[in-house]
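Asks: This is the structure I have questions about; it appears just below.
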Amino acid sequence: MKILYFARLRQLAGRASDDVTVPDSVTDVMSLVHFLSARDEGVAAALADLRTLKVAINQKHASLEASLASAREVAFFPPVTGG
């Protein structure tokens with residue numbers, strides 16, 4: 001599964017992406033956050049604030065409770081602001 005980090009989350013994670021094989025126990029976005037955070041301190045810092053964390057699965061916005069059943073790509077990003 002391709003994991004993408006955008007904006008400030010990319011800076012905190014120290015990279016733009018990861019390619020990971022997730023265990024069968026990782027079935028939704030929240031369990032993916034816990035799995036990724038346990039593997040790396042930078043990623044843990046990037047994904048720490050669940051209140052503001054935004055997620056997309058296969059380029060469609062999703063919630064933390066969303067299933068990963070058909071996920072090929074999961075993107076994490078902070079709230080989007082514009083000008």
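The values are calculated or read from the model by the stated rules, or taken from the named source; none is laboratory data. Keep in mind the model is a prediction, meaning the values are calculated, not measured. So basically every Cβ, Gly included, is an ideal-geometry build from the backbone, and we count neighbours across all protein chains shown. Surface areas here come from the heavy atoms of the whole protein model, side chains and all, with no ligands, DNA or RNA. Shrake-Rupley method; radii C 1.70, N 1.55, O 1.52, S 1.80 Å.
Asks: Please list, in chain and number order, the residues 5+ apart from Y5 or on another chain whose amide H is under 5 Å from its amide H, with Hs placed from the backbone.
Replies: Correct list: S17, F76.
Asks: If you take the C-alpha gyration tensor of the chain, multiply each eigenvalue by 5 and take the square root, what semi-axes do you get, largest first, in whole Å?
Replies: 18, 15, 11
Asks: Can you tell me the order of 57-70, 8-21 when each peptide is scored by its average per-residue count of other Cβ atoms within 10 angstrom, highest first?
Replies: Descending packing order for the listed peptides: 8-21, 57-70.
Asks: Tell me the per residue accessible area of the chain using a 1.4 Å probe; a whole number in Å² is fine.
Replies: Values: 5050 Å² over 83 residues.
For the chain, the solvent-accessible area averages 61 Å² per residue.
Asks: Contour minus end-to-end for A69 and L50, with contour as 0.36 nm per residue of separation and end-to-end as the Cα-Cα distance?
Replies: 4.7 nm
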